[in-house]
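The structure appears right after this line, and notes come after that.
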Amino acid sequence: MTGGSVQAGAEAELEAELRELLSVRNREDMAPTIAALLEVHHRHPGNPRVLYEVGGAYDTAGEEETAAGFYEQALALGLEGDVLRRCYLQYGSTLRLLGRTEESLAVFAGARRAFPGSVSLGVFEALSLHAAGKANTALAGLLVLLAENVSSEDLERYLPALHGNADYLASLDGDGDDGGTGRA
């Protein structure tokens, strides 16, 4: 086996182990999952995917402060693709829960640039906007998500009105920020 084949095999093995650990987790009692993930982390201390999963387990357990640290480490070491998108979402949401709304909004702004079509990022960004006192911008973002992602015959004719109302609502918060709606 070449070095690349060995590494690919180890990555696949780690992925399978993580998938198995997460498939049996009990969201009401995360202690066993956290313990198992910390054991994996001990064996793979610099693996960003493992750090992300440990953070997620602490997050699910309601230990947001601990989760934030793991998310920060995972992001610093480099995640890719859907795992990166999920980490941004969970980290941004965790920052909101910790009352760090400006940091949360900054995370979501970067995440939305990286993943502009992500509906889930838009929804959780709206929660952070609301927490930051930007309820109009939050609702505007949700209206845009609805208009662009829900296919409904009776909604089709009102798409221009939804976009117009979104623009109007976003302007009411008066900070010049469109809240990720993509509209000025």
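The values are calculated or read from the model by the stated rules, or taken from the named source; none is laboratory data. This one's a predicted model, so the numbers in the text were calculated from it and none came from an experiment. Cβ coordinates were reconstructed from backbone atoms using ideal geometry, including for glycine residues, and neighbour counts include every protein chain displayed.
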Within the bounds of the stretch 30-47, is there any residue that is modelled with pLDDT under 95 and of a type in the set (Gly, Ala, Ser)? yes
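Tell me the helices (runs of 4 or more DSSP H) entirely within the stretch 21-80 that contain at least 1 residues that are free of Cβ contacts under 8 Å to residues at least 12 places away in the same chain. It would help to see each step written out before you state the result.
Working: elements: 31-43, 48-60, 64-77.
Because the criterion is at least 1 residues that are free of Cβ contacts under 8 Å to residues at least 12 places away in the same chain, the helices (runs of 4 or more DSSP H) in the stretch 21-80 that meet it are 31-43, 64-77.
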Output yes when any residue across the stretch 112-131 is over 15 Å from the mean Cα position of the chain (by Cα) and surrounded by fewer than 18 Cβ atoms within 10 Å (Cβ to Cβ), and no when none is. no
Residue list for the stretch 3-55, filter: of a type in the set (Val, Ile, Thr) and surrounded by 14 or more Cβ atoms within 10 Å (Cβ to Cβ): Thr33, Ile34, Val40, Val50, Val54
Looking for something assigned to a helix (DSSP H, G or I), touching a residue at least 12 places away in the same chain (Cβ under 8 Å) and within 23 Å of Leu22 (Cα to Cα) - is there at least one such residue anywhere in the stretch 129-141? no
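Condition check: of a type outside the set (A, V, I, L, M, F, W, C), closer than 28 Å to Glu125 by Cα, exposed (fewer than 14 other Cβ atoms within 10 Å of the Cβ) and modelled with pLDDT of 95 or more. Does Asp59 satisfy that?
Details: of a type outside the set (A, V, I, L, M, F, W, C): yes; closer than 28 Å to Glu125 by Cα: yes; exposed (fewer than 14 other Cβ atoms within 10 Å of the Cβ): no; modelled with pLDDT of 95 or more: yes.
Answer is no for this residue.
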Flag if Ser171 is of a type in the set (S, T, N, Q) and modelled with pLDDT of 95 or more: no
What residue, of Gly164, Gly117, Gly92, is in a loop (DSSP other than H, G, I, E, B), not assigned by TED's automatic domain parsing to the domain that holds Glu11 and not hydrophobic (A, V, I, L, M, F, W, C)? Gly117
Going through the stretch 142-155 in order, the residues found to be part of a helix (DSSP H, G or I) and either over 26 Å from Glu80 (Cα atoms) or free of Cβ contacts under 8 Å to residues at least 24 places away in the same chain (or both) are Leu142, Leu143, Val144, Leu146, Ala147, Glu148, Glu153, Asp154, Leu155
